[in-house]
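Novice: Have a look at this one before I ask anything.
Laboratory data are not the source of any read-out in this text; all were calculated from the coordinates shown. Bear in mind that the values here come from a model prediction, so they are computed numbers and not experimental data. Counting neighbours? That spans all protein chains shown, and the Cβs are built from the backbone with ideal geometry, glycine included.
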């Protein structure tokens, strides 16, 4: 199979997509070695520079990894997430044996729009803290998250938000609020310019989009977030248990 030299899409991106598709289809399994660069060059009719750039992009994105003197291998890089879990990012990541970290991109005090005011059942004080973050797992960008917190429930939260990568930990330790339930809506969207820059991915690749509303022990809505995750880096697990009391 030769690549399309007449396409507006650079050859290294075409080859990169082919390798990605082969990984997703199961042609190359996690831990399996890729063909050497000279074989890729011959198979797809590209130069060694083109093949190397495609591979290095996938290495940088955490999809492949190189072993000195041994070759390039498919990385076991998909992170499992339980879609019905109520835990925060830091707690779930630590529990899985991985290292969480975060970068605050911006914080703003805003007035709730109609949608947010309805989510938080606001009538008088409609001030919210908007927190925009990039969340990492083992130093690799994993989630772009925009979160909203009602300041009537969390006064001065903006002064404490940088104390810990765990916002749920701050809510619990400083305000006595524990998240006991979350409602989530899962969708798939295409990567925007910001996602391309932060995830170092291609324009238009599919991303998971998760809207999450979390409630405290008194069933009050205390947190709303909109998160983007690369579909190539996460798979969701749903654990269902039969309720035998409902069986005739």
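Novice: Can you give the FRET efficiency to the nearest 0.05 for residue 219 and residue 75, using r as the Cβ-Cβ distance and R₀ = 41 Å? Write down the numbers at each step before the final one.
Specialist: On the way: r = 42 Å, r/R0 = 1.02.
So the FRET efficiency works out to roughly 0.50.
Novice: Now for a separate question. Could you work out which residue, out of 29, 17, 68, moves most in a Gaussian network model of the chain, that is, has the largest mean-square fluctuation with Cα springs under 10 Å?
Specialist: Top of the fluctuation ranking is 68.
Novice: Can you give the FRET efficiency for residue 43 and residue 226, using 1/(1 + (r/R0)^6), R0 = 41 Å, r = Cβ-Cβ distance, to the nearest 0.05?
Specialist: Numbers: r = 41 Å, r/R0 = 1.01.
Efficiency for this residue pair is about 0.50.
Novice: To the nearest 0.05, how large is the calculated FRET efficiency for residue 151 and residue 196 if R₀ is 41 Å and r is the Cβ-Cβ distance?
Specialist: On the way: r = 32 Å, r/R0 = 0.79.
FRET efficiency, residue 151 to residue 196: 0.80.
Novice: For 123, 167, what ranking results if the residue with the fewest other Cβ atoms within 10 Å of its Cβ goes first? Can you show the working numbers first?
Specialist: On the way: 123 7, 167 26.
The fewest-first ordering by Cβ neighbours comes to 123, 167.
Novice: For residue 5 paired with residue 111, estimate the spin-label separation in nm (one decimal), with each label point 7 Å from Cα along the Cα-to-Cβ line.
Specialist: 6.1 nm
Novice: Would you kindly state how much longer the chain becomes between residue 101 and residue 183 on full extension, computed as 0.36 nm times their sequence separation minus their alpha carbon distance, in nm to one decimal?
Specialist: Here the answer is 27.1 nm.
Novice: Using Cβ contacts closer than 10 Å as the measure, can you line up 53, 127 from fewest to most? Present the calculation step by step, with values, prior to reporting the outcome.
Specialist: On the way: 53 18, 127 14.
So the ranking, lowest neighbour count to highest, is 127, 53.
Novice: Would you look at the GNM of the chain, springs on alpha carbons closer than 10 Å, and say which of 183, 21, 57 moves the most?
Specialist: In the Gaussian network model the winner is 21.
Novice: Please give the calculated 222 nm ellipticity per residue for the chain, where each DSSP H segment of at least 4 residues contributes -39500 (n - 2.57) and the sum is spread over every residue; nearest 500 deg cm²/dmol? Write down the numbers at each step before the final one.
Specialist: Working: 7 runs with 65 residues, N = 248.
Result for the chain: -7500 deg cm²/dmol, rounded to the nearest 500.
Novice: Measuring from label point to label point, each 7 Å out along Cα→Cβ, what is the residue 59 to residue 27 span in nm?
Specialist: Taking the simple label geometry, residue 59 and residue 27 are separated by 2.1 nm.
Novice: Note the angle between two axes, namely the Cα long axis of helix 11-25 and the longest principal axis of the Cα atoms of the chain, as a number of degrees from 0 to 90, rounded to the nearest 10.
Specialist: Compared with the principal axis, the helix lies near 70 degrees.
Novice: Quick one: angle between helix 48-60 and the longest Cα principal axis of the chain, in degrees between 0 and 90, rounded to 10, please.
Specialist: It works out to around 20 degrees.
Novice: If we count other beta carbons within 10 Å of each Cβ, what is the order of 49, 205, 23, fewest first? Intermediate values should be presented prior to the final figure.
Specialist: Details: 49 12, 205 16, 23 21.
Exposure proxy ranking, most exposed first: 49, 205, 23.
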